[in-house]
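See below for the structure under consideration.
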Amino acid sequence: MIRTMRSLYFSLAFIVALAVNPACADKVDESVQKGVKFLVRSQNKRTGAFDGRNRHYPMTALTLMAMAAVGHQPTDPGEIGDSMKLGIEFLLRNDPSRLRQGGYYGVDGSRMYGHGITTLCLTEMLGMTVSRLQESRLRKVTASAVELILKSQKVNKRDPRHRGGWRSTPTSNDSDLSVSVWQLMALRSAKNAGLNVSKEAI
């Protein structure tokens, strides 16, 4: 509790400092943009993936969401927009191992964590794509990823208290809070984007 309060005070102090001192806000923005440029440089330009110990799907997804969170879009001209475009193409590629498992993004070893994170990114990218064709592909892949989450939720759990949640694989018969949070955020985002997600599942 004390640690939480301390974090809250630091956060509030930081916000007040930004409000009182615009020069501080400029430095923060400059640092953020340097961070984005570092991410762009770290991308594998051949595949479009942002590598992270072979967890390519969630690392690419988190990078795309970070770029979008600070105002960048794949439609932007220049290297950042091009980088995001390439990253989306990586997530949409026809990966045989992923397709064999019903569109499961955890095939890179990131398990349901990776699937939830990547699905959340896909739902957030809807409407940001550069062409109708890419948007159509994105909707199809996203619907498949969401369907896997919903199907996984229906697996019978050994303990009734675990019902409604998820764990490390799509067939897990128990649940874990940290994995479930990512799936829940993905489902909420999918519903906001107009995909077929029932209130009961959420």
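Hey, what D do you get for the chain in µm²/s if you plug the Kirkwood alpha-carbon radius into Stokes-Einstein at 10 °C and 1.306 mPa s? Intermediate values should be presented prior to the final figure.
Numbers: Rh = 18.3 Å.
Taking Rh from Cα pairs, D becomes 87 µm²/s.
Using the heavy atoms of the protein chains alone and a 1.4 angstrom probe, what is the accessible area of the chain per residue in square angstrom?
59 Å²
From largest accessible area down, sort 29, 95, 76; use a 1.4 Å probe on the protein chains. All intermediate terms of the calculation are to be shown ahead of the outcome.
Values: 29 85, 95 20, 76 45 Å².
Descending accessible area places them as 29, 76, 95.
For the chain, modelled as a GNM with alpha-carbon contacts under 10 angstrom, which of 162, 115, 56 fluctuates the most?
162
Carbon-plus-sulfur fraction of the accessible area of the chain, 1.4 Å probe, in percent? Spell out each step's value before the answer.
Values: 6680 of 11840 Å².
Carbon and sulfur together cover 56 percent of it.
Probe 1.4 Å, all protein chains in place: accessible area of residue 135 in Å², nearest 10?
Estimated to the nearest 10 Å², residue 135 gives 40 Å².
Alpha carbons only, please: Rg and Dmax for the stretch 60-170, in angstrom.
My reading of the Cα-based Rg and Dmax gives 15.1, 52 Å.
The values are calculated or read from the model by the stated rules, or taken from the named source; none is laboratory data. Just so we're clear, the structure is a prediction, and the values are computed from it rather than from any experiment. With ligands, DNA and RNA removed, areas are computed over all heavy atoms of the protein, side chains included. Shrake-Rupley method; radii C 1.70, N 1.55, O 1.52, S 1.80 Å.
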